[in-house]
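Worksheet: one structure, shown below.
The values are calculated or read from the model by the stated rules, or taken from the named source; none is laboratory data. Remember, predicted model here, so these are calculated numbers, not experimental data. Please note: Cβ atoms are built from the backbone with ideal geometry, for glycine as well, and neighbour counts cover all protein chains shown. Accessible surface is based on the protein model in full, side chains and every heavy atom, while ligands, DNA and RNA are left aside. Shrake-Rupley method; radii C 1.70, N 1.55, O 1.52, S 1.80 Å.
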Amino acid sequence: MTYYYPAVITKKDNGYRVDIIDLEDCYGEGADLDTALEEARYAGVNWLLAELEDTMEFPAQTHLADLRLAENQRGTMLALLMPRNDGWDE
């Protein structure tokens, strides 16, 4: 199953940071945007898996239109592809 959460992409001096704003302390960083997005997706999936073990509830998603972004930021919807019950192989 795939879940979509809004993310804020921030351009920094040494690369990029991608924050999944609805998942507390969930982000990815990288020297290039692709790496930061990949790290954020990985962190997001693991965040959701841990939440499934604890409460079985995911936080509501913020609408992209509600984001307040700085000049060096942009918003996007990040797809988090969850593993199947029998592992990552599909």
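Observations on the model:
- Of everything in the stretch 76-90 that is out of contact with any strand residue (DSSP E or B) (no Cβ under 9 Å at 6 or more places or on another chain), charged (D, E, K, R) and assigned to a loop (DSSP other than H, G, I, E, B), the residue that is modelled with the lowest pLDDT is Asp89.
- Of the residues making up the stretch 53-60, at least one is closer than 29 Å to Arg84 by Cβ, modelled with pLDDT under 95 and surrounded by 11 or more Cβ atoms within 10 Å (Cβ to Cβ).
- Residue list for the stretch 10-46, restricted to those being part of a strand (DSSP E or B) and open to solvent by less than 10 Å² (accessible area, probe 1.4 Å): Gly15, Val18, Ile20, Gly28
- Exclusive hit being of a type outside the set (Ser, Thr, Tyr) and at positive phi, set Met82, Met56: Met56
- Being in contact with an Asp or Glu (Cβ under 6 Å, 6 or more places away or on another chain) and not aromatic (Phe, Trp, Tyr) is a property that does not hold for Val45.
- Residue match in the stretch 64-75 (condition: under 13 Å from the mean Cα position of the chain (by Cα), surrounded by 14 or more Cβ atoms within 10 Å (Cβ to Cβ), on the phi < 0 side of the Ramachandran plot and at pLDDT 95 or above): yes
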